[in-house]
Every structure is written in C-alpha cells, then in structure tokens.
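Since the structure comes first, as structure tokens, the remarks are kept for the end.
The values are calculated or read from the model by the stated rules, or taken from the named source; none is laboratory data. Everything quoted here is computed from the prediction, not taken from an experiment. Note: ideal-geometry Cβ built from the backbone for every residue, glycine included; neighbour counts use all protein chains shown. Note: accessible area is taken over every heavy atom of the protein model, side chains too, but ligands, DNA and RNA are not part of it. Shrake-Rupley method; radii C 1.70, N 1.55, O 1.52, S 1.80 Å.
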Amino acid sequence: MPGTCVIGLQWGDEAKGKLVDILTGNHDIVVRYQGGANAGHTVVSAGQTWKLSLIPSGILRDGVACVITGGVVLDPARVIEEIDGLESRGVRVAGKLQISDRAHVVFPWHIAEDRLLDGSLSGGGAIGTTGRGIGPCYRDKVGRALAIRLGDLYRDDFRARLGHVVDFKNRLLSGWQAAGTPPLDADAIHAQYAGYAERLRSCVADTTAYLLDAVEDGKRVLFEGAQGALLDIDHGTFPFVTSSNSSGVGVASGSGVPGRWVDRVIGVVKAYSTRVGGGPLPTEQDNAVGQHLRERGREYGTVTMRPRRCGWFDAVAARYTARLSGVDELAVMLLDVLGGLDELRICTAYEIDGRRVTQFPSHVTDLARAVPVYESLPGWQDDLTTVRDHAALPAAARRYLERIGELLGRPVSIVSVGPDRDQTMFCESSTTRRPSWPRPQPRAPATA
Ligand code: GDP
Ligand code: IMO
Ligand code: MG
C-alpha cells in the first residue's frame, strides 16, 4: 500500500517540514491536506533555508508532484507569494503544484475577524492565533452560506456571490470595528481575487480525483500534516487549538483518500515540548531550563516570530496523540538541543486534584490543573550535531530515546540532531513497521 503520513504529536513545530523533505525522495506525491498559512515548515539543505507555509515541503525535490487539497484553507495572496519566492530562488513550481478547486478561500474579512475575535474567549486568555484568518474561514466553510471555494472564482456568478457575502460581512463587521474603519469594497476585492484566480488557473484541479487515481495506480503518496495533534479541533486542548483536524484522524477527510491507503504513520516529536500561543503546557519551564531550550533550539515562531514556550517532554500527551493518530513509529527531532543539561526530565503522569492519572484529560481546565510527575534521566554534555550513527550517540542520549519509545509504545526509527537534511539518522528499529500496540489502560471504576 502506498501511503505514508507525517503527523506532529505535540503543539506544532516538531520539524515536520524537515522530515517530509527527507522522505520525499521515496515518494511520488506530497500532499498538504489541512490547515493553511498558519503553518511554517522549515527545510535546511546545503546551507540554504526554506520556509514553506502552504506549499508542501516536497516542492524542493524534482520529479515529485505536490498537492494542496480541499481540506486546506487557501489564502491566494500567500500561495502566490510563496510560488514567486521559490521560483526566484530557482525552484520550479509550475507544472508540479496542484491546488484543489474545493479549497475554501481566505478573504480579507477572515483576517479582520481573526484579529477582532482573538482574545475574546470568556474567562480570559487569548488563543493567540497566527492572525491568518484560519478559524473564520473554516467557520464560514462549516456555516456554508458565506463560504467561497477556489473553484467559485472561475464561475460566472463569482461577482454576484462575492457581493452578497461582502454585504453581509460589512453589516457584521460594522458592529465590531472601530468607528471610521472603511467598509469592505466588493469591486476592489473582486478585481484583486480575479487577478489571483488568473495567476493560479493552471494549478487548479480536482485533486480528490487525482489522488484516488494515484493511490489506485500504486503511486507512493506522502501526507504532510500541519500543526500538531494537540491542536486538533476535536481531540486537542480545546479551545486552545487550531480549526482543523491536525491529528492523524484528519488525513482522510482533508485529502479525500481513505485511511486504508495509508500504511505508515510517522509520529514526529521534539525531544522536549514547545507551544506558541495560549493554553496549558503542563511541563512548561519558565526558568533557566526553558531558556536553554529556547536559545539552543531557536524556539521563535516561523510564522509570527513569537518566542515559543518551552518545557520537558510530556509522554502523557504524546502517548495520547500517538494512539489517536495510529502512529507506527516515531521520529525524535532536535535531540541536540538537550545537550548541556545535567538532568533531563520526562513527564510520565499528571497529578490532578491529588489523583495520579496517565490518561490525557479531555477538558482543558483539568489539564491546566495538572501537575506533572517526572522521571529523571541523566543528561549529556556532548555536541550531537555531528553524530550520524545511532550507535555513536552517548549512552545517555540512547537511553533517553529508548525511554520515549517505551513510554509511547512505538519504536524510534528516526533521530534528528540539527536542522540540515544530513543531520538525521535512521535507527535499526525502522524495520519494525508494525509494533504490537499497547493496550489501553483499563479505567478505574467510578466510585460513588
Ligand atoms: P514544522 O512546523 O513542524 O515543520 O517545524 P518548524 O520548521 O516550524 O520548526 C522546527 C525548527 O527546528 C526549524 O527551525 C528547523 O530548521 C529546526 N530543526 C529541525 N530539526 C532540528 C534538529 O534536529 N535540531 C535543531 N537544533 N533544529 C532543528
Ligand atoms: P506548524 O505546521 C505551532 C497555533 C497558534 C495558536 C493556535 C490557533 O508550523 O507546526 P490559528 O492561527 O491556527 O487559528 O491559531 O494554533 N498554531 C501553531 N503552532 N505550529 C503551527 O503550525 C501552528 N499553527 C497554528 O499559535 O496557538
Ligand atoms: Mg512550524
């Protein structure tokens, strides 16, 4: 069977882009199937750094088709900017990229709504969105009445439809915006988006049909998850999440390719935890350890440049998302960043109101009260960035990786020790493709 997926198991920025770029060599097609320009995926190769947002990280290799499916919310200005940026640096995009006509389009009102609404959660605490209009665009998709898909831009009734939506949005926004804010101008937006549509015309396709033909013809497809499973709209730390299914459960709905075509799910984790934006991060270290991780790991957001919150590896959270995403094997990234710490900690359980739990809480207020229970492991002082062989890692680093594998119940098959393509090693256990998954722990019977 031909499909591989790469899924972030934490709160995003697990270095999925690096991994996808590496795996692209063994695939025919790379697919982005959810999220939008909130993603920032970095690939470093031969001293050059590439930051990809909507375009699949597979674009940097020749001979690979890249697809943005209908599950993505598409800001045409951003995708055109990205295409131009890549082509100006010698990366061919034309003829390699297809974008679904089903993708919902991000308009200026989505970005305005995103900025107006973030911070308005009752009980305080902003989500801290990327401001890219993601939530409002998905909201209009689900609401249907005010949604516009990429394919609609090529229809005769586009101007009329746009006028209807702009009228509605102007009435909604006028109640929220500061006095004197000019209303949306339907003619100007029409001219702008008609221009985008012309630019993208040759890329627009029915990607669902294309991908179904591809998998049935035995093509090897790589699905590039965006965000991380703990930001999943249904299964993450709601409401501090993104607006799409960013765990493994989103692959089929976002791409239109049934899960039966995916036979390898790689769960990507950082060797520690980070989060950007609001919401609980139980293992957060607002101290010298957090500072070490932020500076060594250059933990500043790719999209918004915000400093990322940093903490110890949370095995309770990652075990939950590994199970949720049907993960077969693990890629542990940024292991080098832990070098120089005498002691390392892994969270193996939470104490919530005096009770010890290993099941990830479904309600965010329980997670916010969770006190991590840590296991301590020895650190190492060595610089790992030049190590290329798992056997050459210091014993403490090997033990740390082994412990992550044990706690998550999956083998660690890939280890990364630096941003470059070359700073990656494949472990023997990568041949272990189907581990026997751990049984869920029985729940304690409720006591009266
Ligand atoms: P993504 O959103 O999951 O693709 O991840 P990002 O690109 O937002 O963030 C990962 C960051 O870590 C990027 O700056 C990468 O260049 C960098 N990176 C990737 N792998 C490693 C690694 O093993 N070690 C270090 N030090 N940095 C890495
Ligand atoms: P990649 O693909 C990390 C976070 C935002 C915010 C929340 C909601 O690079 O891993 P949104 O703009 O989606 O409505 O914001 O989700 N977020 C990410 N955090 N990496 C990402 O993508 C993210 N995409 C969204 O910071 O907390
Ligand atoms: Mg990122």
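Residues of region 377-408 that are open to solvent by 70 Å² or more (accessible area, probe 1.4 Å) and in contact with an Asp or Glu (Cβ under 8 Å, 6 or more places away or on another chain): 378, 383, 388.
Scanning region 278-313 for residues that are without any contact (Cβ under 8 Å) to a residue 40 or more places away in the chain, more than 16 Å from ligand 3 (Cβ to nearest atom), of a type outside the set (S, T, N, Q) and not in a helix (DSSP H, G or I) gives 284, 286, 311.
Checked across region 7-14, the condition of being in contact with a Phe, Trp or Tyr (Cβ under 8 Å, 6 or more places away or on another chain), within 11 Å of ligand 2 (Cβ to nearest atom) and under 17 Å from residue 304 (Cα atoms) holds for no residue. For region 38-49, the tally of residues that are within 9 Å of ligand 2 (Cβ to nearest atom), part of a loop (DSSP other than H, G, I, E, B) and either on the phi > 0 side of the Ramachandran plot or surrounded by 24 or more Cβ atoms within 10 Å (Cβ to Cβ) (or both) stands at 2.
Taken over region 320-345, the residue count meeting the criterion of being open to solvent by 10 Å² or more (accessible area, probe 1.4 Å), touching a Gly at 6+ places or on another chain (Cβ under 7 Å) and not in a loop (DSSP other than H, G, I, E, B) is 3. In region 108-127, the qualifying residues are those that are open to solvent by less than 20 Å² (accessible area, probe 1.4 Å) and either of a type outside the set (Asp, Glu) or within 16 Å of ligand 1 (Cβ to nearest atom) (or both), and the one that is farthest from residue 11 (Cα to Cα) is 109. Looking only at residues in region 409-423 that are assigned to a strand (DSSP E or B) and surrounded by 20 or more Cβ atoms within 10 Å (Cβ to Cβ), which one is nearest to ligand 3 (Cβ to nearest atom)? Ranking the qualifying residues of region 409-423, first place goes to 416.
Under 6 Å between Cβ atoms, at least 6 apart or on separate chains: pull out the pairs that start in region 383-409 with a residue that is within 22 Å of residue 345 (Cβ to Cβ) and more than 16 Å from ligand 1 (Cβ to nearest atom) and end on any residue that is in a loop (DSSP other than H, G, I, E, B) and not hydroxyl-bearing (Ser, Thr, Tyr). Cβ pairs passing all conditions: 396/380; 405/411; 409/438. Within region 139-164, take every residue that is in contact (Cβ under 8 Å) with a residue 40 or more places away in the chain and open to solvent by less than 20 Å² (accessible area, probe 1.4 Å) and give me the one that is farthest from the chain's Cα centre (by Cα). Taking the candidates together, the pick is 153. Apart from one condition, residue 215 fits all of (1) open to solvent by 50 Å² or more (accessible area, probe 1.4 Å); (2) assigned to a helix (DSSP H, G or I); the exception is (1).
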